[in-house]
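One structure is given below, encoded as structure tokens.
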């Protein structure tokens, strides 16, 4: 379950990809390609020790990476 302050990548109505921290008013960045948003999102989430939730084009969660300090580690995808 995502916590307030985690980072999320979603598709904008214009077709771009938005990286935004949960609970924030403004996006960290808007990118033409999802790949670029993911690359930047990993950097930001790792530095902040938060989760990165990646949504697909359909809005459903595609992937979740945990960069926090949970014990045991919840990220079973990597």
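Every number in this text was worked out from the coordinates using simple rules, so none of it is lab data. Note that the coordinates shown come from a computational prediction; the quantities given were computed from them, not determined experimentally. Cβ: placed from backbone, ideal geometry, glycine included. Neighbour counts: every protein chain shown.
Summary table below
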item: Pairwise label distance in nanometres, residue 11 with residue 30, each label 7 Å out on the Cα-Cβ vector; result: 1.7
item: Cα-projected label distance for residue 62 with residue 39, points at 7 Å along beta-carbon direction, nm; result: 1.5
item: Mean separation of Cα contacts under 8 Å, 6 or more apart, over the residue count of segment 7-66: relative contact order %; result: 32
item: Packing-based exposure ordering (other Cβ within 10 Å, fewest first) of 25, 16; result: 25, 16
item: 52, 19 arranged by Cβ crowding within 10 Å, fewest neighbours leading; result: 19, 52
